[in-house]
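The values are calculated or read from the model by the stated rules, or taken from the named source; none is laboratory data. What you are looking at is a predicted structure, and each value in this text was computed from that prediction instead of being measured. Using ideal geometry, Cβ is built from the backbone for each residue, glycine included, and neighbour counts are taken over all protein chains shown.
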Amino acid sequence: MTPILSVENLGHTFPGPAGWFGARKRFRAVGEVDFELHPGEILGVVGESGCGKSTLARLIMRLYEPTDGTIRFEGTDITHLSRRALQPLRRRFQMVFQDPYSSIDPRQTIAEALTEPFEVQGVGLSAAARRAEIERLLALVALDPAMAGSHPHHLSGGQKQRVGIARALALGPRLIAFDEPTASLDVSVQAQVVELLLRLRRELDLTYLFISHDLALVDYLCDRVMVMYLGRVVEILPRGAPPRHPYTQALLAAAFAPDPKVRRHIVRITGEIPSGYDVPTGCAFAARCPLVEDTCRAIRPALVGDGHHAVACHLAPPIASES
Amino acid sequence: MLTVDDLEIGFSTLHPLAGVDFSVARGEILGLVGESGSGKSMTAMSVMGLLPLIGGRVTRGSIRFEGEELTTLDEARYRRLRGGRIALITQNPMTSLDPMVRVGPQIDQGARLHLGLDARAARIRTVELMARMRIPDAARVYDLHPHQLSGGLRQRIVIAMALAGDPELLIADEPTTALDVIVQAQIVQLLVELVRERDLALMLITHDMGLVAQACDRVAVMYSGRIVESGPVAAIFEDPRHPYTRALIGCIPRPGMAEGTLAGIPGTVPSIADLPSGCRFHPRCPMAVAACRDRVPQTVAVAADHGVACLLAGAASGDAP
Amino acid sequence: MIARLVDRLMWRGPRPGIAPIVAGAALLCLVAAAFLSPWIAPWPYDQQMLAEADRAPSLAHWFGTDEFGRDVLSRVLFGARTSLSVALVSISVSCSLGMAIGAICGYVGGPVDRWVMAAIDMTWCFPEILLALLLVAILGPGSTSTVLAIAIAYLAQFTRLTRSQIRALKRETFVEASLCFGAGPAHILLRRLLPNAVAPVVVVAMLTTGDAILLEATLGFFGMGAQPPTPSWGGMMSSGSELLFEAPWVILWPGAAIAASVIAINLFGDGVLVALDVKKRRRTH
């Protein structure tokens, strides 16, 4: 099966604050990211803030111009396609954003927001077709069709996020990237949205790239999880597999289990994430790693493993031991 | 130590909180949990005596702190209490820190104001306090400005500020929401240690059931301005009696859950301008019966220290072990 | 926007109070008077009656007459025409030009933005009046030069404001969403950014119109504005200043007209500012 999305050695460096003269410092946001996404799969991307997960999604959506590597969507190299060349392809990959409050233009009605994709793509819709389309999209995300005339500030956060999802579905995409779509919602609403996403994937045969900082959520929703640290992938693991990278283990240990019987009060990780302006030469996690050895500080470990589970750590036990 | 009894607060004709009862004892961590709009921050503001700032007032009930009634306290005496014996830790460290002032002197303030220390003594105490917060190189950080610190360090500074006046009761309003997972765990660990070590009472306001499970001794679950269930943390998680508590626990993904089992709660939290009659949860409740629309449920004890405000609480306990 | 404005001014949303409504009405009267001056003025503005020069206000000449025996009331009315239209046209030119430049600089960014903004900011190094006088001196006196001079004097302010609005809006997620559908720069700028940026710029334009009236009057006072016999408030005050003690009404009435229009514009502008809720509007949660 050909992957719907394949990313090779993808990297992005932001120019630092601009001055009139002199060199800018460069901010390394994402580096050497390799992965494939297969049709129908949900790949989770987790990591702490600043680990480059949102940048990664925006690179794949071509909102930023990648500085290194290639992105192939359904076999087509889209890494440096011009806006016009990319335009027709954009119908097939879409994105849903984190903040439902700012992801819809406050001046638009819901109907206008939902038909903007058609307008931008130059799809002429008759008044009747437009109405039918709005109704279809609202029904897909289980919203009341009477909402079409409202402005976003009349909607709750959950409803706005549903509109955001409906709008991403408008052009019939194959792949949708979600950038923390439930991070600003209450848990009761988050649960509904997550179930909606699972239903939509089943009904419309979609593939998701799901970015989140919530490990439990990612574990529930995703088939595979990619863990990022300081712009690099440290581990890709199948759902439920025991983590091998010390960072993944730390993340998992730090997550609050909703069970008072399982209390973990010992956090072994100290310090904070280094800056992307000043990426360490060795393993990025070396400064905080409880297992660190001299090799870790000197040589950056490569991501090694089979198609299912891969780790970038000198000290991780070999993948082969996993049955 | 802190006892809130039948608290009702009003904003002109609206009553966002009604019949709120709970108490926190010394050395205890009470989790006040609920979704946005449940009134948990409003409860914190009432205890801090900050309601007049946002145009509200206590219309009924009492708030007693070490036997002293707070609802009738005048502002001058409240001010001595606030930041002194009762301290608040807020969600966003960026807004509770003055960006123009170095962080050390901001912590000093509390000690100078409430303990009457002079500048030098306050500084020594602050550096000690910062070291206790596990702030590396505290003496150097003392002279930094807030923007030079990471989110986790800023939150430690805010906690140090709260502790500067030697409080007995800490109110932490979503203290870790803005932080990353690992830093979150570090801060919670620190808070728990401080409570144990100094025998403080901590009221932990949060929407995160995971945080409640990990840190709290007792839990009060709020919905739409009322406490619907309260009890020891183990009872709440193992034997939740209120349909809302159950639904809330059912919303949290856990390892090994099958697809399609994450329940969610249909509908939305009602707006305070348009509250449903009877039990405020009835429009969203899967078990609601006709009586729920008409009668406001009173809190009944289903076990020692475990109270539930649900008409069906007795019936609901049938399917619990 | 108009509907929303009326809505807010009348009963909904933050209440700006009664002052802006009175000011708005006064402004409307002033504009109507200026527009209708050829029909409502009792005398032609340039009819000289030397026999009746320097007469105090009377039933025949309500505002008195000037040193050539021209009717001051008629000249104030016709002067409103000149002064208000110069102010309005110059602010319109300044505002639209500023919005266009500001929007493009804000959207494009990079070296274009830096150099264009640096050039525009140079106008901020001079006081407005000095800049306007300099420009009129180069272009020669007259209404067209005055319009251009005033427009350039206020250009930096509109450009800066629009640019900062656009730069802030550019980072909003709804812009990224449009980009995801494949929207081009024209769609983003004209449909997403500018409509959201326009309200504060319009309010500032309204408030600046008051300043423009003052600037026009000042240029007129120095003889750099509309040329005689075309009446302008500034020009009238200039000639009136020579008769300050013999015939104070000649300087008094155009002065009062300037003051009244500037106060009315400012009060009305403040009301609009409150009603449109410019600062709070973007984040409604």
key: From the options B:Met257, B:Met287, residue that is touching a Leu at 6+ places or on another chain (Cβ under 9 Å) and either modelled with pLDDT under 90 or over 19 Å from B:Gly31 (Cα atoms) (or both)   = B:Met287
Filter pass, A:Val194 being within 21 Å of B:Leu262 (Cβ to Cβ) and at the interface with chain B (Cβ under 9 Å from one of its Cβ atoms) = yes
B:Glu75 vs. criteria more than 19 Å from the chain's Cα centre (by Cα), surrounded by fewer than 19 Cβ atoms within 10 Å (Cβ to Cβ) and closer than 18 Å to B:Pro167 by Cα = no
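So that you can scan it fast, the table gives a plain yes or no per residue for (1) away from chain B (no Cβ under 11 Å); (2) surrounded by 18 or more Cβ atoms within 10 Å (Cβ to Cβ); (3) in contact with a Leu (Cβ under 8 Å, 6 or more places away or on another chain):
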| site | (1), (2), (3) |
| --- | --- |
| A:Ile176 | yes, yes, yes |
| A:Asp205 | yes, no, no |
| A:Phe210 | yes, yes, yes |
| A:His213 | no, yes, no |
| A:Leu230 | yes, yes, no |
| A:Pro238 | yes, no, no |
| A:Thr248 | yes, yes, yes |
| A:Arg263 | no, no, no |
Within the stretch B:206-224, considering residues that are touching an Asp or Glu at 6+ places or on another chain (Cβ under 7 Å) and closer than 30 Å to A:Tyr229 by Cα, the one farthest from the other protein chains (Cβ to nearest Cβ) = B:Thr206
key: Residue satisfying all of: in the stretch A:276-297; part of a loop (DSSP other than H, G, I, E, B) and loosely packed, with under 14 Cβ neighbours inside 10 Å; nearest to the other protein chains (Cβ to nearest Cβ) among these   = A:Pro290
ask   = Going by the structure shown, is C:Thr144 surrounded by fewer than 19 Cβ atoms within 10 Å (Cβ to Cβ), β-branched (Val, Ile, Thr) and either part of a helix (DSSP H, G or I) or within 12 Å of chain A (Cβ to nearest Cβ) (or both)?
value = yes
message = Regarding the stretch B:261-270, can at least one residue be identified that is touching a strand residue (DSSP E or B) at 6+ places or on another chain (Cβ under 6 Å), under 25 Å from B:Thr13 (Cβ atoms) and in a loop (DSSP other than H, G, I, E, B)?
response = no
remark   = The number of residues in the stretch B:274-305 that are within 27 Å of the chain's Cα centre (by Cα), within 14 Å of chain A (Cβ to nearest Cβ) and not in a helix (DSSP H, G or I) is 3
query = Do you know which of the residues in the stretch B:163-186 that are within 15 Å of the chain's Cα centre (by Cα), within 14 Å of another protein chain (Cβ to nearest Cβ) and not acidic (Asp, Glu) is surrounded by the most Cβ atoms within 10 Å (Cβ to Cβ)?
reply = B:Pro175
task = Within the stretch C:199-215, identify whether any single residue is surrounded by fewer than 24 Cβ atoms within 10 Å (Cβ to Cβ), more than 20 Å from C:Ile91 (Cα to Cα) and within 14 Å of another protein chain (Cβ to nearest Cβ), and answer yes or no.
result = no
inquiry  = I'm told A:Asp99 meets every condition in (1) at pLDDT 95 or above; (2) surrounded by fewer than 23 Cβ atoms within 10 Å (Cβ to Cβ); (3) touching a helix residue (DSSP H, G or I) at 6+ places or on another chain (Cβ under 7 Å) except one. Can you identify the failing condition by its number?
reply    = (1)
ask   = Pairs, please: C-beta under 6 Å, at least 6 apart or cross-chain, first residue under 17 Å from B:Asp180 (Cα atoms) and in the stretch B:87-102, second assigned to a strand (DSSP E or B)?
value = B:Thr90/B:Asp173; B:Gln91/B:Asp173
query = Taking into account only those residues within the stretch A:219-228 that are touching a Phe, Trp or Tyr at 6+ places or on another chain (Cβ under 7 Å) and buried (at least 23 other Cβ atoms within 10 Å of the Cβ), which is nearest to the other protein chains (Cβ to nearest Cβ)?
reply = A:Leu221
task = Write out, first by first residue and then by second, each pair whose Cβ atoms fall under 9 Å of each other, whose residues are 6+ apart or on separate chains, and whose first residue, in the stretch C:177-188, is more than 7 Å from chain A (Cβ to nearest Cβ) while the second is among the aromatic types (Phe, Trp, Tyr) and surrounded by fewer than 23 Cβ atoms within 10 Å (Cβ to Cβ).
result = C:Pro185/C:Tyr107; C:Ile188/C:Tyr107
ask   = Any residue in the stretch B:208-231 that is assigned to a helix (DSSP H, G or I), at pLDDT 90 or above and either hydroxyl-bearing (Ser, Thr, Tyr) or farther than 30 Å from B:Met130 by Cα (or both)?
value = no
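Got a sec? Which helices (runs of 4 or more DSSP H) wholly within the stretch A:19-131 have at least 2 residues that are within 19 Å of the chain's Cα centre (by Cα) and within 14 Å of chain B (Cβ to nearest Cβ)?
A:53-60
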ask   = Quick check, is A:Leu140 more than 9 Å from every other protein chain (Cβ to nearest Cβ), over 20 Å from the mean Cα position of the chain (by Cα) and touching a residue at least 60 places away in the same chain (Cβ under 8 Å)?
value = yes
inquiry  = Against the condition among the hydroxyl-bearing types (Ser, Thr, Tyr), within 14 Å of C:Ile258 (Cα to Cα) and under 24 Å from the mean Cα position of the chain (by Cα), how does C:Ser94 come out, does it pass?
reply    = no
message = Going residue by residue through the stretch B:177-190, is there one that turns out to be in contact with a Leu (Cβ under 8 Å, 6 or more places away or on another chain), touching a residue at least 40 places away in the same chain (Cβ under 8 Å) and closer than 24 Å to B:Leu129 by Cβ?
response = no
message = Name the single residue that is surrounded by the fewest Cβ atoms within 10 Å (Cβ to Cβ) among those in the stretch C:231-274 being of a type in the set (Val, Ile, Thr) and under 20 Å from the mean Cα position of the chain (by Cα).
response = C:Ile263
